[in-house]
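All remarks here apply to the structure that follows.
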Amino acid sequence: MKFRPLACATVLTSVMALTACGGGSSDGDDGPVTLDVWLMRDSVSQEFEEEFVTAFEDAHPDIDVNVQIQEWNGIGERVTAALASNDAPDVIEVGNTQVAQYAASGGVTDLTDRVADLGGEDWLPGLAEPGAVDGRQYGIPYYAANRVVIYRTDLFEAAGVDPAELTTRDAWLAATERLNEPEGQQGIYLPGQNWYALSGFIWDEGGDLAVETDGGWEGALDTPEALAGMEFYQRLQALGEGPRDSDEAEPPQVEVFAGGEVAQIIAVPGGANLAVERNPELEGRIGFFPIPGKTPDTPGAVFTGGSDLIIPAASHDPEAAFTFVEELTGDRWQQELSRAMSYVPNKTTLADEVADDPGVAAMAVGAANGRATPNTPEWAAVEAENPIKDYMTAVLTGSDPAGAAREASEVITRALNP
């Protein structure tokens, strides 16, 4: 097995270090190609990594794989420096919403002509769409994760609520009202600034956070559709005691869920395990269902998190890099990855493969209707200032929704058109 140490990439702090660790090469005129791959911390387990690399190298004896695990903190600067160098890694895992930013640098390989080879017609839209820029595909969907409803089975049973019947937002809202009794119980814990959840409700209504126009981008929170999404959020949020001026991290909503009589939260399924760790009495009392949509035939839209794979233009062997990407994103290893890491596979056709994991199965249903943030390199500037959070707090504390939405949209427009 040609498996290599993983230490090098975690200490990259300069372009010199990037050059030292990056860039595929040949071990000699007749030797195998060394393929340097950057994967992110916790995107794969060490066991999965070793299994995949061993199988890949056995199938391709002319390619050695050198996996380097990267930390998320500061990754933007490291990837940008790598793409600008002449000795970049051959494959890099990036956040799905980061592809446009990197593609704008010109240092990413255009893989549009290879989409059919990769089964692109079945890709999850929340991974595929942000991987495409101006109609060209730069990011190849790798894996997905999204929010679901995590609920207390005992509290649902006591209230006579069957989660299988909550297939519309109206039904969900009515059930949550029932779950808001008796006194001291929260039908849902929903902090006022969970803008990812709000985004889904806006998309359900046919709106968006921002839209592209002939003159650039414009904030769109003040459209009738977006305002309808905010109105639903306001009604749902009122059925619990979530703070109006903070997000799900302050306080950590998993701790709130674990420590009190909270019927449900909106979170990724891994939050259930964290809740049980904090309160072992919840073992066997937690379930999952997809966020409901407006109609029974379509699940609620969700923000799709996850990763894409890119091939830098400076790859020393782009064909070997493509072979690596093709296999890691292919059906066999996508199924193995979903089992190992509880991720949603990158294709809608693989949803049945996660049916035995309730949390992942609920994610997979939602992922079929997944979306991403507006596909522009400037979106990071919006999130840095995040007027969406301020807008939500303003509405929840009594401000005029239309006026607050108009102000937030103006901030978004300025950020997207520097």
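The values are calculated or read from the model by the stated rules, or taken from the named source; none is laboratory data. Keep in mind that this is a model prediction, so the values were computed, not measured. All Cβ positions, glycine included, derive from the backbone under ideal geometry; neighbour counts span all protein chains shown. Heads up: the accessible areas ignore ligands, DNA and RNA and are worked out on the full protein's heavy atoms, side chains in. Shrake-Rupley method; radii C 1.70, N 1.55, O 1.52, S 1.80 Å.
Screening the candidates M363, M341 for the property of being touching a Pro at 6+ places or on another chain (Cβ under 7 Å), in the same structural domain as T109 (by TED's automatic domain parsing) and in contact (Cβ under 8 Å) with a residue 60 or more places away in the chain yields one hit, M363. Residues in segment 99-134 that are on the phi > 0 side of the Ramachandran plot and more than 21 Å from the chain's Cα centre (by Cα) were compared, and the one that is most open to solvent (accessible area, probe 1.4 Å) is D134. Go through segment 40-62 and give me each residue that's of a type in the set (A, V, I, L, M, F, W, C), within 15 Å of Q334 (Cβ to Cβ) and not in a loop (DSSP other than H, G, I, E, B). The answer is F48, F52, A55, F56. Within segment 98-127, the set of residues being outside any loop (DSSP other than H, G, I, E, B) and within 28 Å of W172 (Cβ to Cβ) comprises P125, G126, L127. The criterion of at least 1 residues that are aromatic (F, W, Y) is met, among strands (runs of 3 or more DSSP E) falling completely within segment 139-217, by 140-145, 148-152. Just for segment 235-264: of the residues that are in a helix (DSSP H, G or I) and surrounded by fewer than 17 Cβ atoms within 10 Å (Cβ to Cβ), which one is modelled with the highest pLDDT? It comes out as R235. The residues of segment 49-98 that are among the small types (G, A, S), open to solvent by 10 Å² or more (accessible area, probe 1.4 Å) and over 23 Å from the mean Cα position of the chain (by Cα), listed by number, are A55, A59, A81, A84, S85. Name the single residue, out of those in segment 362-418 being assigned to a helix (DSSP H, G or I) and of a type in the set (D, E), that is nearest to L227 (Cα to Cα). Out of the qualifying residues, it is E407.
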